[in-house]
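Please read the structure below before turning to the comments.
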Amino acid sequence: MPGGVRWALAAGTIALSPVACRGVTAPILPGAEPYSAIGDARGALVLHGFTGSPQSMRGLALALADAGLTVEMPLLPGHGTDITDMVPSSWEDWSASADTAYVELAARCESVAVVGLSMGGTLAVWLAQRHPEIAALSLVNPLVSSPDADTVGFVQMMVDAGDDVGPGIGSDIAMEGQVELAYPGFPLRAALSLFNAAKDVELGLDSVICPILLFTSTQDHVVPPANSDLLAETVKGPVERITLERSYHVATLDFDKDEIEARTVAFVSEVLAQSGA
């Protein structure tokens, strides 16, 4: 699927009733819990990816908290419980949750950086487009462009055929034995909502003015590295790029996790210090 997201939706769909799924609230999976830490006047909002959970970003959140920052890492709606909770969810739910978390954190801090993986990166860029006061972004394999028309059309075809869930995209990790706490399935309507949002985010990339630290895996089987190229070429703020040769999409749990954590802490700390926090 050149130019698009490699969602690998060839077969194995599951039919669920959206009506039956509405209002389902399953317990939070162990390890998927949100995280908060009270620190100094420097804030960091940490956002996980599509079908994933805070587990994939916990190391980053803890590293930022250990550096003294005030940290918020929400569990996005529909995630981290049961996939039936995610089937009826949409970009409007996730973006509203991220925006609320940012506004509440910004009210308690002098300046805030946003850190995101994959869809968390989409949300981070979306927030920067709407809140130009955001001091910095640290992004790991962000999705900032809609997949190609063939991919979107294929997902829509599955939905039209009555399918609600396709094969999952989680745990794209090179390190043997490392597993992402993500759903085993891929909620199709929710994905279409994300694709539409990514299209809008792409149109507004040139309005992003804050410094960005951008991590890109050369082997990513979920979001093509071309997304990072597009972001770096289009945003107006300075971009520091780091290429990850050993890790796949969920690089925050992969071979380069320590480098991502250390560089993010250093970058965020430097930018927030310059902004007066």
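The values are calculated or read from the model by the stated rules, or taken from the named source; none is laboratory data. Being a predicted model, the structure only gives us computed values, none of them experimental. All Cβ positions, even for glycine, are placed from backbone atoms using ideal geometry, and neighbour counts span all protein chains on display.
Couple of notes before you dig in:
- Qualifying residues in segment 74-107 (those that are in a helix (DSSP H, G or I) and of a type in the set (S, T, N, Q)) - the one nearest to the chain's Cα centre (by Cα): Ser95
- Taking (1) outside any helix (DSSP H, G or I); (2) modelled with pLDDT under 95 in turn, Val71 satisfies each apart from (2).
- Selection status of Ala174, in a helix (DSSP H, G or I) and modelled with pLDDT of 95 or more: no
- Residue in segment 248-260 that is modelled with pLDDT under 95, among the hydroxyl-bearing types (Ser, Thr, Tyr) and not in a helix (DSSP H, G or I) present: no
- Residue in segment 201-222 that is under 14 Å from the mean Cα position of the chain (by Cα), at pLDDT 95 or above and of a type in the set (S, T, N, Q) present: yes
- Taking first residues from segment 33-57 that are part of a helix (DSSP H, G or I) and partners that are among the aromatic types (Phe, Trp, Tyr), the Cβ contacts under 9 Å between residues at least 6 apart in sequence or on separate chains come to Pro54/Tyr35; Met57/Tyr35.
- Reported count of residues in segment 130-151, each being buried (at least 19 other Cβ atoms within 10 Å of the Cβ) and part of a helix (DSSP H, G or I), is 1.
- Restricting segment 98-122 to residues that are of a type in the set (S, T, N, Q) and surrounded by 19 or more Cβ atoms within 10 Å (Cβ to Cβ), the residue that is farthest from Gly43 (Cα to Cα): Ser118
- Criterion (surrounded by fewer than 16 Cβ atoms within 10 Å (Cβ to Cβ) and either closer than 15 Å to Gly116 by Cα or in contact with a Lys or Arg (Cβ under 8 Å, 6 or more places away or on another chain) (or both)) met by exactly one of Asp206, Asp229, Asp254, Asp200: Asp206
- Residue list for segment 142-201, restricted to those being among the acidic types (Asp, Glu) and more than 23 Å from Pro225 (Cα to Cα): Asp160, Asp163, Asp164
- Scanning segment 153-189 for residues that are surrounded by fewer than 19 Cβ atoms within 10 Å (Cβ to Cβ) and β-branched (Val, Ile, Thr), we see that the one that is farthest from Tyr248 (Cα to Cα) is Val159.
- Some residue of segment 203-219 being outside any strand (DSSP E or B) and within 24 Å of Phe255 (Cβ to Cβ): yes
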